[in-house]
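Just below is one structure, and these are the notes that go with it.
What follows draws every value from the coordinates through simple rules; no lab data is involved. Remember, predicted model here, so these are calculated numbers, not experimental data. Glycine gets a Cβ as well: all are built from the backbone with ideal geometry, and neighbour counts include every protein chain shown.
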Amino acid sequence: MFFMGARGRLEAELVPAAGYEIDLLNLAGIDRRNPLKALRAAGLAAAALPGARRILAEREADVVVGGGGFVAGPAGLAARSKRIPLVLTEADRHLGLANRMLARSAERVCLAFPIEGCEGSRFTVTGRAVGRAVLEADRGRARRRFGIDPGSKVLLIMGGSLGARSINYAAIEGLAEQSGRNFEVIHVAGSRDFPGVSERLAIAGNRSGYTLLEYEPDLGDCLAACDLVLARSGGSVFELTATGKPAVLVPYPHATGDHQSANAEWMTAAGAAVVVPDDQLDATRLTAEVGSIFTDRDRLESMSAASRGLAMPDASGRIADQVMAAASTPGEGSGTADGKAVTTGAFD
């Protein structure tokens with residue numbers, strides 16, 4: 001297996017660090033708010049198509065797996081032009097631009113959620129793959145790592161690799177004084193926000209029971225150690241359900257297609273989460289929401305059970321089954337038992 005990605009993006013570092021090879025194309029995301037940038041991105045995608053075709057030929061790919069990002073567009077078109085089987089994965093509750101463009105010609109489309117209009121043998125609800133480190137993390141070991149008493153309630157705060165500023169600052173203002181008394185906190189601030197959050201926590205007294213981290217690569221220990229999560233509602237909702245964690249979700253208001261609100265609704269409809277709109281988030285509201293859940297044991301247990309009920313921890317295996325089935329489809333590059341797969345767009 002090898003990857004195809006975009007120069008200057010996070011995958012250029014993460015994929016080699018994980019021990020896989022990656023080929024990079026010159027691409028940019030489509031900014032729908034800026035017509036000139038959108039036009040430039042479309043031009044780069046068109047110009048990348050010959051390069052994507054060359055990479056697939058040189059790698060002798062037997063199947064292409066698209067992750068729905070802008071890399072998946074030229075890679076998917078290149079696969080179709082070379083008659084290489086194409087499998088798409090969609091992490092949101094609607095098809096993104098690349099997947100809408102490619103879905104009709106793909107052998108398989110793996111959906112994280114059921115999507116209206118995406119029915120039939122080509123579409124399969126597989127869930128979204130969750131890392132092994134998350135699924136296999138041990139609660140006792142994780143709590144020992146963070147110095148947390150086995151009987152304590154723990155809130156995990158996270159907002160992505162860079163951070164979610166509104167969540168980060170509201171958490172420090174509203175929760176730092178409560179940590180160590182009513183519950184303990186593990187706060188993953190993100191690389192962008194960490195210096196400011198660290199400074200604010202120091203001003204608040206850097207109280208006991210408040211563990212501040214800049215970044216965690218897999219979140220396995222953090223999720224294993226906690227009882228409740230405060231977070232955005234991107235793809236991480238699948239890590240939450242896989243580990244049976246209830247949540248207070250703050251959807252990012254500028255997410256493409258408002259998909260984070262749709263993701264949050266999936267958890268709230270099941271009773272696994274409560275939602276606080278970003279423009280309503282402040283220290284007072286946050287303290288009230290977290291406090292009301294932690295002081296009601298029955299509610300916390302009910303939300304946890306609802307979260308577990310949404311879990312699809314075998315999503316990786318389901319997607320792999322679809323990829324293997326597609327790889328056996330007759331085509332120019334398919335049909336070998338030890339075939340090669342190229343994964344694209346998974347980091348966009």
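Think of the chain as a dipole: +1 on every Lys or Arg Cβ, -1 on every Asp or Glu Cβ, centred on the Cα centre; then among L111, V290, G131, L111 lies furthest on the positive end.
Around the Cα centre of the chain, unit charges on the Cβ atoms of Lys, Arg, Asp and Glu (plus for the first two, minus for the last two) sum to a dipole of about 600 debye. Assuming a ≥ b ≥ c are the square roots of the Cα gyration tensor eigenvalues, decide whether region 242-292 counts as rounded (a/c under 1.5), prolate (otherwise, with a/b larger than b/c) or oblate. Since a/c reaches 1.5 but b/c is at least a/b, the shape of region 242-292 is classed as oblate. Could you work out which residue, out of E265, E173, E13, moves most in a Gaussian network model of the chain, that is, has the largest mean-square fluctuation with Cα springs under 10 Å? Among E265, E173, E13, the largest GNM mean-square fluctuation belongs to E13.
Gap in Å between the Cα centre of region 69-122 and the Cα centre of region 265-290? Measuring centre to centre over Cα atoms gives 32 Å. Here r is the Cβ-Cβ distance between S198 and Y20 and R0 is 30 Å; the resulting FRET efficiency, rounded to 0.05, is 0.35. Placing unit charges on the Cβ atoms only, positive for Lys and Arg and negative for Asp and Glu, gives region 132-309 a dipole magnitude near 420 debye about its Cα centre. Placing unit charges on each Cβ (+1 for Lys and Arg, -1 for Asp and Glu) gives the chain a dipole about its Cα centre, and among G244, N182, M4 the Cα reaching farthest toward its positive end belongs to M4. Full extension of the chain between E216 and R299 gives 27.0 nm of extra length, using 0.36 nm per residue less the Cα-Cα distance. Partners of K153 within straight-line reach, counting lysines whose Cα lies under 21 Å from its Cα and excluding those fewer than 8 residues away in the same chain: K245. If you average the alpha carbon positions of region 1-60 and of region 169-221, how far apart do those two centres end up, in angstrom? Using only Cα atoms, the two centres lie 35 Å from each other. Helix 72-81 against the longest principal axis of the chain: what's the angle in degrees, Cα atoms only, rounded to the nearest 10? Computed tilt is about 20 degrees.
Packing, as the average of other Cβ atoms within 10 Å across residues, places the peptides 63-73, 228-238 in the order 63-73, 228-238, highest first.
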